[in-house]
Amino acid sequence: MFSRKDRQDYLEFDESITALKEGEVNVDRFPLPFEPEVVTNCEHCDAELYDGDDGIIYGRETYCDEQCLADHLIDLGAAERVEVRK
Ligand SMILES: [Zn+2]
């Protein structure tokens, strides 16, 4: 059974959802429970990497993924993209 307070909370919640659906709501009223913390940036593309993200460490540098590491090595001249021939 809803108490009077529960009912009031529910009605306010329902109003908020309606406003959200109608695009009338200020999103600042619904802050994220936490701001994700940027731990580092990808050495190649500068993407922000957050706590818990997957990444690749090469030397002391962090990369998003295999593609960024490969592209970085190619840019440095440490690896080369070639047409494979027999
Ligand atoms: Zn990257």
Query raised in the report: Contour minus end-to-end for ALA78 and ASP65, with contour as 0.36 nm per residue of separation and end-to-end as the Cα-Cα distance?
Result: 2.9 nm
Query raised in the report: For the stretch 33-86, what number results from the quotient of the Cα radius of gyration and 2.2 N^0.38 Å?
Result: 1.42
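Give, rounded to the nearest 20 debye, the magnitude of the charge dipole that the stretch 33-86 has about its Cα centre when Lys and Arg contribute +1 at Cβ and Asp and Glu contribute -1 at Cβ.
Computed charge dipole of the stretch 33-86: roughly 500 debye.
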Report summary line: Non-local residues with an amide H under 5 Å from the amide H of THR40, with H modelled 1.01 Å from N and Pro and chain starts lacking one, are LEU49
Query raised in the report: Given a Förster radius of 30 Å and the C-beta distance between VAL38 and ARG85 as r, what FRET efficiency does 1/(1 + (r/R0)^6) yield to the nearest 0.05?
Result: 0.10
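Any read-out appearing in this document is the output of simple, stated calculations on the displayed coordinates, not a laboratory observation. In this text the structure is predicted, and so the values were computed from the model without any measurement. Here the Cβ is made from the backbone with ideal geometry for all residues, glycine too, and neighbour counts use every protein chain on show.
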